[in-house]
Amino acid sequence: MSSRTTVFLAALVLLLPSAPCRAVFHIADIDEVNSGAGGDPNAQYVEIRMFLGGQGEVKATRLTAFNCTGTSHTVLLEVPNDVCPAAPSGRWTMGTTNWATLTGVMPDFIFPASTAFANNCGMICWGAPGGITRPQDPPTWDPGVLTNYVDCVAYGSYSGPLQPGDAAPSALPAGDQATMSLQRNTDSGNDSLDFGLAARSPTFNGTCPPTTTTTTTTTTTTVTSTTLAFGDDDTGCVPDTKPLLKCGDGLGRAFGNAIRAVIKCHQKQAHAAFAGTAIDDEPCETGTGTGKSAKEKLDAAIAKLASMCSSQQMSAASAEETTLFAPQTNSASLDAQNGNVYCDGTTAVDPSGDDAGTVDVAAADAKNKLKCADTVGLALGKLAVAVIKCHQKAADARFALKPFGEEECEETDPVKHKAAHEKYSATMDKLDLTAICTQTCLSRPNRDALGTNVISQIEAANQVAYPCP
């Protein structure tokens with residue numbers, strides 16, 4: 001605890017009898033710091049301990065990271081709400097979504113991972129200037145002035161200025177980047193004595209009903225962003241209202257259904273070409289006015305969502321639809337990617353040239369090759385839908401400030417092995433046992449690459465349903 005906090009605590013004891021209902025936020029300090037854990041450098045976390053009750057009026061306080069020499073600083077978070085309950089010795093937290101995924105515990109407030117919050121050295125500061133009144137909102141105070149903060153913790157090889165009253169930085173890093181974080185043991189005003197490495201202890205206190213959206217920054221000295229980015233390998237941001245969230249979830253479902261529907265159209269077309277009766281699959285894909293085609297159903301689903309969606313979501317959805325239903329001249333279209341599945345032989349699945357793809361009608365095992373391609377295509381469709389569902393669950397959980405292991409849903413489930421990618425791989429394992437995939441273009445390495453590519457495309461398109469402002 002800084003000497004400022006200690007002095008303020010003593011002063012408050014004298015003031016409380018005349019102002020018993022006044023809530024403050026200064027009687028608290030930084031209790032735990034972590035940057036990098038479990039091999040993930042973006043798993044970052046700061047815990048605040050309240051020494052008295054009523055220290056929950058923390059809205060508009062700032063969390064700031066200083067570099068190793070103290071010559072530059074980055075505001076990681078402007079706290080968007082108060083914490084409830086505000087109990088004596090209670091602890092509330094700020095962290096990244098990577099931390100939540102790693103530990104399974106969602107912090108009270110999320111900030112975007114930042115390289116400014118280094119592991120080997122630096123200083124983390126939290127708080128706001130003032131006395132027993134609420135923090136200035138919005139804050140206009142200088143985040144580079146150390147006396148503006150309630151508490152600062154310097155660590156590692158930090159060589160810059162210290163907060164008045166702090167004797168020396170801790171020589172330890174902000175965690176061992178595995179299982180331990182930098183944690184406070186005492187409150188002597190000397191970080192070199194007060195902190196040690198101990199097993200990380202993630203916690204969640206609870207927040208008061210929000211009155212504004214989260215305001216964060218990834219640039220120095222200024223606060224710019226108003227939403228929470230998905231982070232990791234996913235594009236997009238978590239919506240800040242329920243209607244926009246419902247719109248995003250609905251758009252994901254609609255596009256997932258459309259992708260699977262088009263794949264089935266391509267399958268029918270390939271079988272027709274194999275039988276020597278080539279057909280035009282456009283009635284199946286884009287329709288003839290009956291409302292039963294893949295595109296017509298997608299259009300109808302988007303129209304039903306329109307009242308909940310932002311203009312940005314509607315515009316992005318329209319652009320994505322145009323891309324997916326474009327001819328094979330657009331490499332990102334479903335028609336072009338059909339050639340990655342029906343990729344053997346010389347008989348074109350679509351003599352008109354709109355759809356890519358060929359089938360082998362002459363080989364002795366031609367039927368097996370076609371069955372292999374059908375199985376891969378359907379599995380890729382299921383994979384796309386499953387990854388979209390993981391994104392929906394992640395958005396819903398983060399909107400509700402609840403933990404959700406997206407990577408466990410999407411890539412690897414260490415317990416049930418039911419992750420989207422694992423299910424696709426299991427289907428490929430079964431296909432290997434049948435030995436029907438004799439075409440080189442659908443060798444196991446190529447099929448694995450197709451699965452990875454689908455995941456990458458869905459991650460890149462996540463910003464269609466959940467755009468950042």
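Computed from point charges on the beta carbon alone (+1 for Lys and Arg, -1 for Asp and Glu), the dipole magnitude for segment 242-465 about its Cα centre is near 840 Debye.
Along the charge dipole of the chain, which of Ala400, His73, Tyr466 sits closest to the positive end, that is, farthest toward it, with unit charges on the beta carbon of Lys, Arg, Asp and Glu (+1, +1, -1, -1)? Towards the positive end, the residue furthest out is Ala400.
Estimated at 0.36 nm per residue, the fully extended path between Ser318 and Asn190 surpasses their Cα-Cα distance by 40.3 nm. Among the listed pairs Lys297/Lys367; Lys268/Lys295; Lys242/Lys292; Lys246/Lys416; Lys242/Lys393, those with a Cα-Cα distance over 22 Å are Lys297/Lys367; Lys242/Lys292; Lys246/Lys416. Each label was represented as a point 7 Å from its Cα along the Cα-to-Cβ direction; for His417 and Ser157 these points are 4.5 nm apart. Placing one equal scatterer on every Cα of the chain and applying the Debye formula, the log10 ratio I(q)/I(0) at q = 0.09, 0.12 Å⁻¹ is -0.69, -0.98. Axis angle, to the nearest 10 degrees, between helix 294-305 and the longest C-alpha principal axis of the chain: 30 degrees.
Mean residue ellipticity at 222 nm, helices only, the chain: -11000 deg cm²/dmol; runs of at least 4 DSSP H residues each add -39,500 (n - 2.57), and the sum is divided by the number of residues.
The orientation-averaged shadow of the Cα convex hull for segment 242-465, equal to a quarter of the hull surface, comes to 12.9 nm².
Place a +1 charge on the Cβ of each Lys and Arg in the chain and a -1 charge on the Cβ of each Asp and Glu, then give the dipole magnitude about the Cα centre in debye, rounded to the nearest 20.
So the dipole magnitude of the chain works out to roughly 980 debye.
Look at the Cα gyration tensor of segment 231-347: its axes a ≥ b ≥ c give a/c of at least 1.5 with a/b over b/c, and that counts as prolate. Across segment 310-321, computed HN-Hα scalar couplings (Karplus, 6.51 cos²θ - 1.76 cosθ + 1.60, θ = phi - 60°) run 7, 4, 5, 5, 5, 5, 5, 5, 4, 5, 5, 4 Hz from first to last residue, x flagging Gly and Pro.
Taken together, the values in this text are just the output of simple stated rules run on the coordinates, not laboratory data. Model, not experiment: these values are computed from the prediction. Note: ideal-geometry Cβ built from the backbone for every residue, glycine included; neighbour counts use all protein chains shown.
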